[in-house]
1. So which residues in region A:78-105 are of a type in the set (A, V, I, L, M) and more than 7 Å from chain B (Cβ to nearest Cβ)?
2. Would you please name the residue that is nearest to B:V7 (Cα to Cα), looking only at residues in region B:30-66 that are open to solvent by less than 20 Å² (accessible area, probe 1.4 Å) and of a type in the set (V, I, T)?
3. I'm trying to understand the selection: among the residues of region A:7-47, which are more than 7 Å from chain B (Cβ to nearest Cβ) and in contact with a Pro (Cβ under 8 Å, 6 or more places away or on another chain)?
4. Could we say that B:P41 is under 13 Å from the mean Cα position of the chain (by Cα), at pLDDT 95 or above and in a loop (DSSP other than H, G, I, E, B) here?
5. Could you list all residues from region A:115-127 that are surrounded by 11 or more Cβ atoms within 10 Å (Cβ to Cβ) and assigned to a loop (DSSP other than H, G, I, E, B)?
6. Name the residues in region A:1-21 that are closer than 18 Å to B:D4 by Cβ and of a type outside the set (G, A, S), would you?
Amino acid sequence: MLSVSTDSRFVHKIWQAEELERMIPGGVPFPMLSDQSGAIGQIYGVYDPAAGVDLRGRFLIDPDGVIQAMEVLTPPVGRNVEELIRQLQAFQHVRATGDVTPSGWRPGETALHPSPGLAGQVWQVWKPKQGKA
Amino acid sequence: MPEDGCVQTARGPVSQGDGADVRESHEEVSRVSARVGGKAPDFEASAFFAGGFQNVRLSDYLGRWVVLCFYPGDFTFV
C-alpha cells in the first residue's frame, strides 16, 4: 500500500502525528508519498492542474508491475475498501488458477474455467445473486 | 532505500530503462501512460514512513501486489 498526494513529506509527518494517530493506533502503516510537482499524478492521469492536487485515483498493480485495475473519483466521495479487497482477492485467484471470476465473486464462490464448450452455457453454472441488481 | 537528507526531493517519474538524469526527460514522461493491462509507470517519490523520511521507488515493489492510492490532500475531510 502506497499513498500519494501533493503534500510534502513534512506535512505527511504532521498529519500522521496530529490526526491519523488519533484515528488508527500507531497511524497509517504504509509509506506516504509526496508528489509536489504533480508529475506522478500527471502520468497516472489523476492530476488536476487547476486545483493543483491529485484526484482520488486508485491503481491495483500486480507482481509483474502491470496495472490490473483502476478507479478515479472526484474529491468529495471516498473509496470503498471492501471492494478494493474483493478485487485484489479476485485478481489473485485469477493469477493463481487461470480461472475467471464472475460479477461480485468472492473467495469460495464459483469461478469459471473458460472453454469453447462453456460459451453460451454460463447460465447453467452461474446465476446472478438473489436480491442484487 | 535511498537516503533522504530533507533537502532534495525525489526524482519523480522515471522512464523505462532510465539510469541517471530524469529531469531532462521530464517532458517526455509527463504524458499519461497508465492504463489497465499496461505497465505501471515507474517513479521515485519522497516519502514519510515509520517515523522517518525516505525515497520510495515503485519498481522496488516488483514481485508484490501494490495498491497505489492518490488523494487530494492531507487534513482534508474524506
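The values are calculated or read from the model by the stated rules, or taken from the named source; none is laboratory data. What you see is a predicted model, and the numbers here were worked out from it, not measured in a lab. Positions of Cβ are generated from backbone atoms using ideal geometry, with glycine treated the same way; all protein chains shown enter the neighbour counts. Only protein heavy atoms, including side chains, enter the accessible area calculation; ligands, DNA and RNA are left aside. Shrake-Rupley method; radii C 1.70, N 1.55, O 1.52, S 1.80 Å.
1. Passing the criteria: A:V81, A:I85, A:A90, A:V94, A:A96, A:V100.
2. Of everything passing the filter in region B:30-66, B:V56 is nearest to B:V7 (Cα to Cα).
3. If the condition is that a residue be more than 7 Å from chain B (Cβ to nearest Cβ) and in contact with a Pro (Cβ under 8 Å, 6 or more places away or on another chain), then A:G38 is the only one that fits.
4. yes
5. A:W126
6. Matches in region A:1-21: A:L2, A:V4, A:T6, A:D7, A:R9, A:F10, A:V11, A:H12, A:K13, A:I14, A:W15, A:Q16.
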